[in-house]
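A.B. asks: Mind looking over this structure? Questions follow.
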Amino acid sequence: MRRGPLTRVLGEHPVGTAFVTPYVVFIAAVFAYPLGFAVYMSFHDYFFAAPGAIVDRPFVGFDNYATVLSDPAVRRAFGNVLIFLVINVPLTVILSLGLSTALNSAIRWRTFFRVSYYVPYVTASVAVVGVWLFLFNSNGLVNSVLGPLAPDPSWLVNSHLAMPTVAIYVTWKQLGFFILLYLAALQNVSADLYEAASMDGAGRWKSFLNVTVPGVRPATTLVVLLATVTGANLFTEPYLLTGGGGPDGASASPVLIMYQRGIEQGNPDVGSAIGVLLVIGVLILALLERRFVGSED
Amino acid sequence: MKLQAGLLAVVLAGSLAACGGSGGAGDADAAAKARGPITIWYSNNAEEVAWGKQMVASWNAAHADQKVTAQEIPTGKSSEEVIGAAITAGNAPCLIFNTSPASVSQFQKQGGLVPLDSFSDGKSYIEDRSGDIAKQYKSADGKYYQLPWKSNPVMIFYNKKAFAKAGIDTAKPPLTTYDEFLATSRKLVAAKAAKVAIYPAPSNEFYQSWFDFYPLYAAETGGKQLVADGKSTFASDEGKKVATFWRTMYADKLASPEKYTGDAFVDGTAAMAVVGPWAIATYKGKVDWGVVPVPTSSGKPAGEIHTFSDAKNVAMYSSCQNRGTAWDVLKFATSQEQDGMFLQASGQMPLRKDVASVYSDYFTKNPDYKVFADQAARTVEVPNVPNSITIWQTFRDAYSKSVIFGQQDPGAALDGAAQKVDQLVKQS
């Protein structure tokens, strides 16, 4: 059958094209174009100017990248976020899988617990940060409970503990969302498999390892990827919880530095270079995670 | 903030800039004479809003054909970010009565500001109104891109109740020299009159040094700015004395390196605060306070002590079409009468010469504010140089590392920061 020119362009079902168009436009306008423009800015001596202002924005090659990579604050921020991810991602997977398995069982107060884990996720960061400041300052509840074991300097002003504390805070805050993902995934693990495992003599722990964990592997891949992407974009917590990445930059994140350089200090070219490096870093991590976590083998 | 959101914010603002091409600056001469409706923004604290509303109503009543529409500065992480974005988008108002002097060089670089010298009486009006202090607000090209509007001379507030509890004289507390200040602080903490003696914000935002290092540095040096004549000044003996003083405060746990939510002075956590007169309204009915100038190493007499101005100014933005009206409104809003009403409403000091004598009636009725009027004559502004915010962040990083967290010798940290700052000044 001969295909008309319209069919060749729009395919057998043109209505499908109409359906996807709004999303394609959305992606192009708010993601592809800005990302492309960020790459453009990172290769130019670029700053924001008033409409009509005559400004020179010459091509500078990799100068902005050289500036960024030779800046100890930026290098440290990338190191900090790696520490963050090493703590946050595994903790998120272990806790959310464990808790969702518990919540999936017929336990008392199940609805109450489900809501409890979800509440921090939907609560405004500013409010929750206030509570954590109260909990983790030197005279706070945590140190009162720990007594002589309390660290000095205290958690959020201790250069060794600030980033781990932020990682634990973010794990706790995001946990409700990831529990929800696992709860949905657990509904797809057939009860027959647990029954078969039980008949083979597997206890609860073995059932969990050999049925639940493989059964929710696609969800685990998703959780690992999402936790990595949101973690790499850490901003609110160093901005609010540790007073601008303190102490002495120990909890500064690349996005915080990007904000300082790009917005506060009026160097969006340098900010964009940090952003582009971060995107590349996250893509590499995501590919590695997909290779090692998402593999069916 | 998500990365995408961050990139988007950066890029959208950039693309708006790229899309521009006309209608911004326009013909400067014609615009300087153009008259018609204008918009203005003012700060969002209750006292300034009340003053702003009456000022606008008063102007509009007499100028039906040149109506002023006013609103509070839209909310954002900071006013400066909102203003920067508005400049880029070309929708900044004609006047903003809350322009931070530290951001002026950046706004100027963006092509966002109108030099007030472009009005025939611009320079003379500013210098006649503010006197010698006006010169600190000149930009590197010798022009005025801001009108010095009001200052909040930073001083040491103390809680009389806490001082009495520690057995310290509440009328003339010993806070003149560094040694006295440290001894008084130790007494306060030892007597458990407060958890810490003083609580300057220890966080790492670029502007926080305006409320710990800079007022004392201004006092110690007799009024030097952080950068002068194209070079940093702070890695001097005076700068190191100030840094060492604050390091002792932190090392001896007389000040806290931890972030505080709320107002430590109002809550009674700190017995002193380093702040300007704007805060008096918030202390009313909560703290029985007294005020003294910031300390110096040798205990200079009060009449010789300089401090940080914490000024906010008025700037005219290049997107303004009816600049003739905007200039008239600016002069109206900073007239002797309106400045008096502003002082009455907010307790902040209009940046005009001889504020104490011009408004003597006010200071007779409100003696608490008199000391700030005297101090207003000796204020130091942030240096009006390109890369201003990067310079302050560089300084803050070094100060934070050495003075607040004790991870480096303060003197060495200032030396290192001075080298970087000198480079930044050279780049401009």
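A.B. asks: I'd like the residue in the stretch A:263-297 that is assigned to a helix (DSSP H, G or I), facing another protein chain (nearest Cβ under 8 Å) and at pLDDT below 95 and, out of all such residues, is most open to solvent (accessible area, probe 1.4 Å). Lay out the reasoning, then the answer.
C.D. replies: Taking the stretch A:263-297 and keeping what is assigned to a helix (DSSP H, G or I), we get A:263-264, A:268-292.
Of the ones still in play, those that are also facing another protein chain (nearest Cβ under 8 Å) are A:263-264, A:268, A:271-272, A:275, A:278-279, A:282.
Then keep just the ones that are at pLDDT below 95; that gives A:263-264.
Details: A:I263: 52, A:E264: 28 Å².
Per the criteria, the residue is A:I263.
A.B. asks: Next question, about the same structure. Which of the residues spanning the stretch B:123-140 are closer than 10 Å to B:R352 by Cα and among the hydroxyl-bearing types (S, T, Y)?
C.D. replies: As a first pass, look at the stretch B:123-140 and keep what is closer than 10 Å to B:R352 by Cα: B:126-134.
Answer for the stretch B:123-140, where residues must be closer than 10 Å to B:R352 by Cα and among the hydroxyl-bearing types (S, T, Y): just B:S130.
A.B. asks: To continue, here is another question. In this structure, is A:L133 farther than 17 Å from A:G275 by Cβ and of a type outside the set (S, T, Y)? Steps first, please.
C.D. replies: Working: farther than 17 Å from A:G275 by Cβ: yes; of a type outside the set (S, T, Y): yes.
Judged against the criteria, A:L133 is a match.
A.B. asks: Now, a different point. Condition first: open to solvent by 30 Å² or more (accessible area, probe 1.4 Å) and either closer than 23 Å to B:Q106 by Cβ or touching an Asp or Glu at 6+ places or on another chain (Cβ under 9 Å) (or both). Now tell me which residues in the stretch B:322-353 satisfy that.
C.D. replies: B:K331, B:A345, B:R352, B:K353
A.B. asks: With respect to A:R290, determine if the residue is of a type in the set (K, R) and in contact (Cβ under 8 Å) with a residue 60 or more places away in the chain.
C.D. replies: yes
A.B. asks: Same structure again: Please return the ranges of helices (runs of 4 or more DSSP H) entirely within the stretch B:341-428 where 3 or more residues are free of Cβ contacts under 8 Å to residues at least 40 places away in the same chain and small (G, A, S). So that I can check it myself, show each step before the final result.
C.D. replies: Working: elements: B:355-358, B:360-365, B:370-376, B:388-399, B:410-427.
Helices (runs of 4 or more DSSP H) meeting the threshold: none at all.
A.B. asks: Please determine whether any residue of the stretch A:162-185 is over 30 Å from B:S256 (Cβ atoms) and not in a helix (DSSP H, G or I).
C.D. replies: No, that holds for no residue.
A.B. asks: State whether one or more residues within the stretch B:327-335 are closer than 25 Å to B:V189 by Cβ and either assigned by TED's automatic domain parsing to the domain that holds B:I198 or outside any helix (DSSP H, G or I) (or both). Spell out how you get there, then give the answer.
C.D. replies: Taking the stretch B:327-335 as the starting set, the residues that turn out to be closer than 25 Å to B:V189 by Cβ are none.
No; the residues of the stretch B:327-335 include none that is closer than 25 Å to B:V189 by Cβ and either assigned by TED's automatic domain parsing to the domain that holds B:I198 or outside any helix (DSSP H, G or I) (or both).
A.B. asks: While we're looking at this one, here's another question. Within the stretch B:203-222, how many residues are within 14 Å of another protein chain (Cβ to nearest Cβ) and buried (at least 24 other Cβ atoms within 10 Å of the Cβ)?
C.D. replies: The number of residues fulfilling the criteria is 3.
A.B. asks: Let me ask something else. Tell me, which residue of the stretch B:102-112 that is more than 10 Å from chain A (Cβ to nearest Cβ) and open to solvent by less than 10 Å² (accessible area, probe 1.4 Å) is farthest from B:S319 (Cα to Cα)? Steps first, answer last, please.
C.D. replies: Filtering the stretch B:102-112 for residues more than 10 Å from chain A (Cβ to nearest Cβ) gives B:102, B:104, B:108.
Within this subset, residues satisfying the condition of being open to solvent by less than 10 Å² (accessible area, probe 1.4 Å) are B:102, B:104.
Values: B:A102: 21, B:V104: 16 Å.
My answer is B:A102.
A.B. asks: Continuing with this model, one more query. Can we say B:A311 is hydrophobic (A, V, I, L, M, F, W, C), under 21 Å from the mean Cα position of the chain (by Cα) and closer than 23 Å to B:F211 by Cβ? Talk me through it step by step, then tell me what you get.
C.D. replies: Numbers: hydrophobic (A, V, I, L, M, F, W, C): yes; under 21 Å from the mean Cα position of the chain (by Cα): yes; closer than 23 Å to B:F211 by Cβ: yes.
So B:A311 passes the test.
A.B. asks: I would also like to ask the following. With touching a residue at least 24 places away in the same chain (Cβ under 8 Å) and either out of contact with any strand residue (DSSP E or B) (no Cβ under 9 Å at 6 or more places or on another chain) or hydroxyl-bearing (S, T, Y) (or both) as the only criterion, which of A:V39, A:V15 stands out? Outline the logic, then answer.
C.D. replies: Details: A:V15 fails: touching a residue at least 24 places away in the same chain (Cβ under 8 Å).
Checking each option against the conditions leaves just A:V39.
A.B. asks: Oh, and also: Of all residues in the stretch B:60-84, which are surrounded by 14 or more Cβ atoms within 10 Å (Cβ to Cβ), of a type in the set (D, E, K, R) and over 18 Å from the mean Cα position of the chain (by Cα)?
C.D. replies: Passing the criteria: B:K67, B:E72.
A.B. asks: Does A:L85 qualify as being within 22 Å of the chain's Cα centre (by Cα), under 30 Å from A:T171 (Cα atoms) and not assigned by TED's automatic domain parsing to the domain that holds A:G271?
C.D. replies: Details: within 22 Å of the chain's Cα centre (by Cα): yes; under 30 Å from A:T171 (Cα atoms): yes; not assigned by TED's automatic domain parsing to the domain that holds A:G271: no.
Taking the combined requirement at face value, the residue does not satisfy it.
A.B. asks: When you scan the stretch B:151-163, do you find a residue that is in the same structural domain as B:K284 (by TED's automatic domain parsing) and open to solvent by 50 Å² or more (accessible area, probe 1.4 Å), even just one?
C.D. replies: Yes, the stretch B:151-163 contains a residue that is in the same structural domain as B:K284 (by TED's automatic domain parsing) and open to solvent by 50 Å² or more (accessible area, probe 1.4 Å).
A.B. asks: Against the condition among the hydroxyl-bearing types (S, T, Y), under 19 Å from A:I263 (Cα atoms) and surrounded by 13 or more Cβ atoms within 10 Å (Cβ to Cβ), how does A:T7 come out, does it pass?
C.D. replies: In short, no.
A.B. asks: Restricted to the stretch B:44-59, and to residues that are loosely packed, with under 15 Cβ neighbours inside 10 Å and without any contact (Cβ under 8 Å) to a residue 24 or more places away in the chain, which residue is farthest from B:Q344 (Cα to Cα)?
C.D. replies: Per the criteria, the residue is B:A57.
A.B. asks: Another question about this same structure. Of all residues in the stretch A:178-213, count the ones that are touching a Ser or Thr at 6+ places or on another chain (Cβ under 9 Å), of a type in the set (F, W, Y) and open to solvent by 30 Å² or more (accessible area, probe 1.4 Å).
C.D. replies: Selection size over the stretch A:178-213: 2.
A.B. asks: List the pairs whose first member sits in the stretch B:248-276 and is more than 18 Å from A:S154 (Cβ to Cβ) and more than 10 Å from every other protein chain (Cβ to nearest Cβ), whose second member is of a type in the set (S, T, Y) and part of a loop (DSSP other than H, G, I, E, B), and whose Cβ atoms are under 8 Å apart, counting only residues at least 6 apart or on separate chains?
C.D. replies: Final answer for the pair search is B:F265/B:Y199; B:A273/B:Y199.
A.B. asks: Now for a separate question. For residues that are part of a helix (DSSP H, G or I) and surrounded by 24 or more Cβ atoms within 10 Å (Cβ to Cβ), tally how many sit in the stretch A:240-256.
C.D. replies: Within the stretch A:240-256, the first condition is being part of a helix (DSSP H, G or I), and the residues that meet it are A:240, A:254-256.
Restricting the remaining residues to those that are surrounded by 24 or more Cβ atoms within 10 Å (Cβ to Cβ) gives A:254-256.
Number of matching residues: 3.
A.B. asks: For the stretch B:113-128, name all the residues that are away from chain A (no Cβ under 14 Å) and free of Cβ contacts under 8 Å to residues at least 60 places away in the same chain. Let's see the steps before the verdict.
C.D. replies: Here is the first cut: in the stretch B:113-128, the ones away from chain A (no Cβ under 14 Å) are B:116-128.
If the condition is that a residue be away from chain A (no Cβ under 14 Å) and free of Cβ contacts under 8 Å to residues at least 60 places away in the same chain, then B:D117, B:S120, B:D121, B:K123, B:S124, B:I126, B:E127, B:D128 are the ones that fit.
A.B. asks: Another question, if that's okay. If I ask for residues that are touching a strand residue (DSSP E or B) at 6+ places or on another chain (Cβ under 8 Å) and open to solvent by 50 Å² or more (accessible area, probe 1.4 Å), which ones from the stretch B:223-262 would you list? Spell out the reasoning first.
C.D. replies: Applying the first criterion (touching a strand residue (DSSP E or B) at 6+ places or on another chain (Cβ under 8 Å)) to the stretch B:223-262 yields B:223-226, B:233, B:249, B:253-256.
Selection gives B:K224, B:K253.
A.B. asks: For the stretch A:95-137, which positions are among the β-branched types (V, I, T), assigned to a helix (DSSP H, G or I), open to solvent by 40 Å² or more (accessible area, probe 1.4 Å) and over 20 Å from A:Q187 (Cβ atoms)?
C.D. replies: A:V119, A:V122, A:V126, A:V131
A.B. asks: Looking at B:I133, B:I87, can you tell me which residue is of a type in the set (V, I, T) and either within 14 Å of chain A (Cβ to nearest Cβ) or open to solvent by less than 10 Å² (accessible area, probe 1.4 Å) (or both)? Can you show your working first?
C.D. replies: Values: B:I133 fails: either within 14 Å of chain A (Cβ to nearest Cβ) or open to solvent by less than 10 Å² (accessible area, probe 1.4 Å) (or both).
Result: B:I87 is the single residue among B:I133, B:I87 that is of a type in the set (V, I, T) and either within 14 Å of chain A (Cβ to nearest Cβ) or open to solvent by less than 10 Å² (accessible area, probe 1.4 Å) (or both).
A.B. asks: Condition check: away from every other protein chain (no Cβ under 14 Å), over 28 Å from B:K259 (Cβ atoms) and either in contact with a Cys (Cβ under 8 Å, 6 or more places away or on another chain) or open to solvent by less than 10 Å² (accessible area, probe 1.4 Å) (or both). Does A:V216 satisfy that? Walk me through it before giving the result.
C.D. replies: On the way: away from every other protein chain (no Cβ under 14 Å): yes; over 28 Å from B:K259 (Cβ atoms): yes; either in contact with a Cys (Cβ under 8 Å, 6 or more places away or on another chain) or open to solvent by less than 10 Å² (accessible area, probe 1.4 Å) (or both): yes.
The answer is yes for A:V216.
A.B. asks: Any residue at all in the stretch B:280-301 that's among the aliphatic types (A, V, I, L, M), outside any loop (DSSP other than H, G, I, E, B), at pLDDT below 95 and farther than 21 Å from B:V189 by Cα? Give the derivation first.
C.D. replies: So the first thing to find is which residues in the stretch B:280-301 are among the aliphatic types (A, V, I, L, M), and the list is B:280-281, B:287, B:291-292, B:294.
Restricting the remaining residues to those that are outside any loop (DSSP other than H, G, I, E, B) gives B:280-281, B:291-292.
Next cut, at pLDDT below 95 only: B:280-281.
With farther than 21 Å from B:V189 by Cα added as a condition, the list becomes B:280-281.
Yes, the stretch B:280-301 contains at least one residue that is among the aliphatic types (A, V, I, L, M), outside any loop (DSSP other than H, G, I, E, B), at pLDDT below 95 and farther than 21 Å from B:V189 by Cα.
A.B. asks: Moving to a separate point now. Can you pull out every residue in the stretch A:28-77 that is assigned to a helix (DSSP H, G or I), open to solvent by 50 Å² or more (accessible area, probe 1.4 Å) and aromatic (F, W, Y)?
C.D. replies: Within the stretch A:28-77, A:F31, A:Y33, A:Y40 qualify.
The values are calculated or read from the model by the stated rules, or taken from the named source; none is laboratory data. Predicted model only: the values in this text are computed from it and were never measured. Quick reminder, even Gly has a Cβ in these numbers, built from the backbone with ideal geometry, and neighbours come from all protein chains shown. The accessibility values were calculated without ligands, DNA or RNA, using every heavy atom of the protein model including side chains. Shrake-Rupley method; radii C 1.70, N 1.55, O 1.52, S 1.80 Å.
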